[in-house]
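What follows is one structure encoded as C-alpha cells, with my remarks underneath.
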Amino acid sequence: MSSTSQKAVVYVRLKEGVLDPQGLTIQKALSQMGYKEFTSVRTGRFFELDISANGTNIDDRINEVCAKLLANPVIESYRVEKIK
C-alpha cells in the first residue's frame, strides 16, 4: 500500500448557549478600549494536522481524534477542513 500525505485543519468552538468567559472578557476589554461596535466575542481554537494515510479511512480517524481528544463533544463542536 502506498502512503499519501494530507493536511487537515480542525476548528473547535463552544456550542451555542455555552458560556464563553474568555470571549466575554475580550469583548469587555474591546469596549473599554473604545471599540464599542464589537458587541459579542466567541473564542475557539484550531489544530493543524499532518496526516500520513496508509489506506485507512482518514475521515473516520480524524473524527475519532476530534471526539476523543481535540474537542469536548458535550460543550464544543468542531469542523474539519481538508487541505489539498
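The values are calculated or read from the model by the stated rules, or taken from the named source; none is laboratory data. Owing to the predicted nature of the structure, the values given are computational and were not obtained by experimental measurement. Quick reminder, even Gly has a Cβ in these numbers, built from the backbone with ideal geometry, and neighbours come from all protein chains shown.
Per-residue answers, yes or no, for (1) under 22 Å from the mean Cα position of the chain (by Cα); (2) surrounded by 11 or more Cβ atoms within 10 Å (Cβ to Cβ); (3) farther than 21 Å from ARG79 by Cβ; (4) charged (D, E, K, R):
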| position | (1), (2), (3), (4) |
| --- | --- |
| VAL10 | yes, yes, no, no |
| GLY17 | yes, no, no, no |
| GLN32 | no, no, yes, no |
| ASP50 | yes, no, no, yes |
| Taking the stated definitions as given, is SER52 at pLDDT 95 or above and among the small types (Gly, Ala, Ser)? | no
| What are the pairs, 6+ residues apart or on separate chains, where a residue within region 8-29 that is part of a helix (DSSP H, G or I) has its Cβ under 6 Å from a residue that is hydrophobic (A, V, I, L, M, F, W, C)? | GLY23/VAL41; ILE26/VAL41; GLN27/VAL41
| field | Search result, residues across region 34-48 that are surrounded by fewer than 10 Cβ atoms within 10 Å (Cβ to Cβ) and closer than 23 Å to GLY17 by Cα | value | LYS36, GLU37, THR39, SER40
| request: Name the one entry in SER31, SER40 that is farther than 24 Å from LYS82 by Cβ, in contact with a helix residue (DSSP H, G or I) (Cβ under 9 Å, 6 or more places away or on another chain) and polar (S, T, N, Q). | output: SER40
| message | Within region 68-84, take every residue that is under 24 Å from PRO21 (Cβ atoms) and out of contact with any strand residue (DSSP E or B) (no Cβ under 7 Å at 6 or more places or on another chain) and give me the one that is surrounded by the most Cβ atoms within 10 Å (Cβ to Cβ). | response | ASN72
